[in-house]
Amino acid sequence: MMSVIALGFGMMSALAGSSSLVAAEVIRAGDPVTAYNSTTEDGGAATGDPLLGREVLRTVYVGKPITYENTRAPVLVRRNQVVSVKYIRGGLEITASGRALGEAGVNEPVTVLNQQSKQMVQGIVQEEGWVLAQ
């Protein structure tokens, strides 16, 4: 488990300084980085870059760099969205519905209000859009 976390941090630090993407047009906050709105610093196509598909946090103007620090994973869970919350321990799996109290992307934390118990639960958003309670 620790090696997976270390690998993730290594990947993030490698991405942090490796991007050579710049905005080819104005990219508004919340919009995804695509091959159409970005280009490499030397004017080439931006295909295959790990930043493609991420959302920009703040507006990026033409010619300005797009970096790992000014982007985030695409938002899967939006505020007030009803989501499935799962608690999994060994063979036990409990599922409930809840209302998200914030926004989050894959592997990001989010607080969810359990609709049955009215208790707040912290969890991590999974790729399929459900939340794994901790």
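The values are calculated or read from the model by the stated rules, or taken from the named source; none is laboratory data. None of these values were measured; they are calculated from a predicted model. All Cβ positions, even for glycine, are placed from backbone atoms using ideal geometry, and neighbour counts span all protein chains on display.
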Qualifying residues in the range 59-96 (those that are surrounded by 14 or more Cβ atoms within 10 Å (Cβ to Cβ) and either small (Gly, Ala, Ser) or in contact with a Cys (Cβ under 7 Å, 6 or more places away or on another chain) (or both)) - the one farthest from residue 126 (Cα to Cα): 96
Any hit, the range 83-102, residues being under 15 Å from the mean Cα position of the chain (by Cα), charged (D, E, K, R) and either modelled with pLDDT under 95 or not in a strand (DSSP E or B) (or both): no
Some residue of the range 105-122 being within 27 Å of residue 24 (Cα to Cα) and not assigned by TED's automatic domain parsing to the domain that holds residue 25: yes
